[in-house]
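The values are calculated or read from the model by the stated rules, or taken from the named source; none is laboratory data. Bear in mind that the values here come from a model prediction, so they are computed numbers and not experimental data. We place every Cβ from the backbone using ideal geometry, glycine too, and count neighbours over all the protein chains shown.
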Amino acid sequence: MARLEKNIPNPVIGWWEYHTTTTQLAEIANKTRPGLLIVYHRGVGPPGHEIPDAQYLTEIQRTYHGNVVIGQDLDVY
């Protein structure tokens, strides 16, 4: 979680205590083996510290090697 953590200012440090990290999500996906892992309802970070979709994908794909996308509103799969 250190990679995302360094992008987040102090007022929101600790958010991961209540949310699934990219590594945890990848580990869950490895156990459940979805045909397509769709990531949604993710934190985008506060203004000026936004976390790009590519960073989420990179972190998930370090551990999970299946199909994964970042879902957007109104996407159809």
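Brief remarks follow.
- If you go through segment 7-33 and pick out every residue that is part of a loop (DSSP other than H, G, I, E, B) and at pLDDT 90 or above, you end up with 1.
- Some residue of segment 34-50 being modelled with pLDDT of 95 or more, on the phi < 0 side of the Ramachandran plot and part of a helix (DSSP H, G or I): no
- Residues of segment 51-77 satisfying the condition of being in a loop (DSSP other than H, G, I, E, B), without any contact (Cβ under 8 Å) to a residue 40 or more places away in the chain and among the hydroxyl-bearing types (Ser, Thr, Tyr): Tyr64
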